[in-house]
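Q: Okay, here's the structure, questions in a sec.
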Amino acid sequence: MSPKRPIRATATSKPQPQPVTSGRITRPRKSRPTKTTTFTRISNPTAHTHSHPHPERQEQETEGQPPAWAENRPELCDALPWFRSVQGGVYHNGNICWGFLIDADCGIRSYLDDEVVITRVGGGCTKDANGDLVLIKDQDGDSAAMSSILTSMELNVPVGIVIGNRNTLLNRSLPHRYNVMAYFRITHVWYERIGRRTGAKVRFEKMDLGSKSWWAAKHSPSPLERNKRNYAMQAEQARCGACNQYSVRIYDQGWMCLQPSCKLFWTISGSSSAPADLIFHEKFLKSRLPQDPTIQPHYSLVPDLLSTLKDADSDALSKRITWKGIICPLCRRCISRRFWWGWRCADDDAVRDRDGEWKCPFEHILPIRPIALRWVIDDMEMSPIKRALSWDAKFMVPEVDDVSLYPYRKLTYTIPGVGSIMHLVANREINTRRNGPDKLFEQLQCEELGLRRYPLAQSVVAGTLTAHFAVNYGMPYKYVVSVSSKSFKEACPPILRAMGRLTWASKQAHLAAGDTFLPPNEMLLLGYLEDMRIGYHDDGESSLGPTISTLSLGAKSTMLVRMKYKYYHGYSRAKKLLEEDPVLPGCKNYLRRRELKAGLLSGSIDREGYDELRREGLLSMKKGGTGGGGEATPCIKMEVNHGDLVVMTGEGLQKFFEHSVIPDKRLRFALTARYIKPEFVGVEEMEKGRLDLGREWAYDGK
């Protein structure tokens, strides 16, 4: 690939007296103590002093503090529109590179100073035994990351860079886990031989050359004024005699062709391969692009979302942007929105001072007012007289009953030997009654319910929050996260009225199944703003009773039910055979697995032979036979509308199947009631679940 902005060189520079050796940022081989940030109490909250010791090496202090920072990736990505990459090091969107992260491993021959960053480009890598990234395939301009970087360089789009405190090239004590540096321009992109592979490298140059970088060493000299810089000095380039393409001189040892397709690629003087230890050429490091006021970033380095919400109406406050993050105007921390009412900087994992007393006091309460149901529902009439229904032939068709629970339409999805789902479809008569779903939707928005987002315990990325707000009433319940519970004595009237409806719906399902009715003693309320959802999960904890009831208020949602991976395939994700395979109808290779299971039960196949035959089937799938390893396709699809009730019955339904909920792009509340078995609850928590639904809160199905 031809380098950009070619400049023909006429001479070769001599080696410099003090060359800069290229290095590699690697992960520490020994565990390091968790870095903590400490605040000194001062009168001006915007000028905190930070102390950040490193016990293993002597590091210099930085000149200043970053304009924004974060202690985990999700908070960083929530607050910065130019860096939304929760896992990768390159953030690109629309074929443009917007942001870049340099952290533990920037690759061999990397470099960092006060104005220049030289690093590898991610992609095509895996981690070795030491945790370092190793190329496993050649990189080229066809990858999404490389294509976006080349586009940003070609279009002069500045790139924001974040530096992590695992960086060792800088040799300075960085104050936080992730630190926003500045906007940079991409000046060069080229390819090198890295081991047996071809890897991409990129050189960034800081845009603002007139001010000292905050990450510069404390008390180091200030940069030269712009009019004193020698912008005429640029990196040398030469044309390759083999491929007739220009390449920049990167290293002091000599010029090399940097075109991977060329036979002289990565050879010095066209004969010998480049040595492992290379020194950057002074002109390549010290050259600077002339300042151009027309080159400006698309986004602010530190965006100010709060100022745009001052005059926003309630409808706007439920949009996706408002449940993302902001940057604290006091301490500059990136803050995810954890609370329904707005943002708070200091929280359970807040950064405190050495005495553990001071927390950043910033919080911002949004002027939330009730959103009209009309804004949530697009239909000409907000509730149907009687909802007309149709079903996709790809999914299970329910049994329809318009009589037994009138005015509800009762739809029943039955999975033989597993359980059933009862969907009670609401209508205008139900929704518009006094204290009915229409009123409940309005009332829930006016109450302080304690809704908040919680960190996921088993997330791939630490600090990831749920994509919904939650609060629990009654007995403690742990679903995908642990949510603190409030007593029903603290519940407001809308919660108790909703609980009356859920108790009635649970009773109808018990009666239909012929089971003993266990009234629910817990209710989980989830709030969804635009683009929030809950992925596939089950409610199969051993502490739960067999019935789970949900009332949906607000925007419609799509509920999908599918068989769990291990029961669908007969083995776990780690390819371990199930000890007991239930062989459910609709599972993968159903007929063959049923035949083997019948042979085991009849005694014609012993246990050893049964497992061996199943293992052979698994091996044949690995070699390209039938089967595959994907997820099961959904077997049930339900459109759940405002006022509808959904009741899942049967422990097998939660054991063998899982469900997801995808709300429409509007505001929605989901209130789910369960029976928590008392033997799984501590004595001190029992009182929370005591609930006496008197006539005021009881519901009769009308």
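Computed from the coordinates by the stated procedures, all read-outs in this text should not be read as laboratory data. Because the structure is predicted, anything quoted here is derived from the model rather than measured. Every residue, glycine as well, gets a Cβ built from its backbone with ideal geometry; the counts of neighbours run over all protein chains shown.
Q: Looking at the range 395-485, which trypsin sites (Lys or Arg not before Pro) are DSSP coil and have at most 11 other C-beta atoms within 10 Å of their C-beta?
A: Here the trypsin sites (Lys or Arg not before Pro) that fit, given the DSSP loop and packing criteria, are Arg434.
Q: Taking the Cα atoms of the range 411-562 alone, what are Rg (to one decimal) and Dmax (as a whole number) in Å?
A: Computed over the Cα atoms of the range 411-562, radius of gyration and Dmax are 16.1, 47 Å.
Q: List, in the order given, every pair from Lys394/Lys655; Lys359/Lys486; Lys228/Lys283; Lys439/Lys556 whose Cα-Cα distance in the structure shown is over 21 Å.
A: Result: Lys394/Lys655; Lys359/Lys486 exceed 21 Å.
Q: Further, regarding this structure: What number comes out for the charge environment of Leu691, summing +1 per Lys or Arg and -1 per Asp or Glu over other residues with Cβ under 15 Å away?
A: Taking every other residue near Leu691 into account, the sum is +3.
Q: Quickly work out the Ser404-to-Ser459 label distance, labels modelled 7 Å from Cα along the C-beta direction, and quote it in nm with one decimal.
A: The modelled label-to-label distance comes out at 4.2 nm.
Q: Taking the Cα centroid of the range 58-78 and of the range 398-477, what is the distance between the two, rounded to the nearest whole Å?
A: 41
Q: Calculated FRET efficiency, Lys576 and His537, Cβ-Cβ r, R0 25 Å, to nearest 0.05?
A: Computed FRET efficiency for Lys576 and His537: 0.70.
Q: Under a 5 Å amide H to amide H cut-off, with H placed in plane at 1.01 Å, what residues pair with Tyr251 once short-range neighbours are removed?
A: His281
Q: Name the residues of the range 661-679 whose amide N is less than 15 Å from a point 7 angstrom out from the Cα of Asp378 along the C-beta direction?
A: The answer is 663-667, whose backbone nitrogens lie closer than 15 Å to the label point.
Q: Work out, step by step, the length gained on full extension between Lys137 and Gln291: first 0.36 nm times the residue separation, then minus their alpha carbon distance; give nm to one decimal. Walk me through the numbers on the way to the answer.
A: On the way: separation 154, 0.36 × 154 = 55.44 nm, distance 3.73 nm.
Value of the extension gain: 51.7 nm.
Q: What is the packing order of peptides 679-686, 261-268, taking the mean over residues of other C-beta atoms within 10 Å and listing the highest first?
A: Values: 679-686: 11.2, 261-268: 16.4.
Ranked from most to least packed, the peptides come out as 261-268, 679-686.
Q: Now a separate question. Within 10 Å of each candidate Cβ there may be at most 10 other Cβ atoms; applying that plus a DSSP loop requirement, which trypsin sites (Lys or Arg not before Pro) in the range 555-593 survive? Intermediate results must be reported in sequence, preceding the final value.
A: On the way: sites: Lys556, Arg562, Lys564, Lys566, Arg573, Lys575, Lys576, Lys588, Arg592, Arg593; in loops: Lys556, Lys564, Arg573, Lys575, Lys576, Lys588.
Filter output for the range 555-593: Arg573, Lys576.
Q: Could you pull the Rg and Dmax for the range 573-622, using just the Cα atoms, both in Å?
A: Final numbers for Rg and Dmax: 10.6, 29 Å.
Q: Amide H of Tyr675 versus every other amide H placed in the peptide plane: which residues, excluding those fewer than 5 positions away on the same chain, fall under 5 Å?
A: Excluding prolines and chain starts, which carry no amide H, the hits are Asn521, Gly545, Thr547.
Q: Then there's this: Just report the Cα centroid separation between the range 493-513 and the range 286-328, whole Å.
A: Using only Cα atoms, the two centres lie 46 Å from each other.
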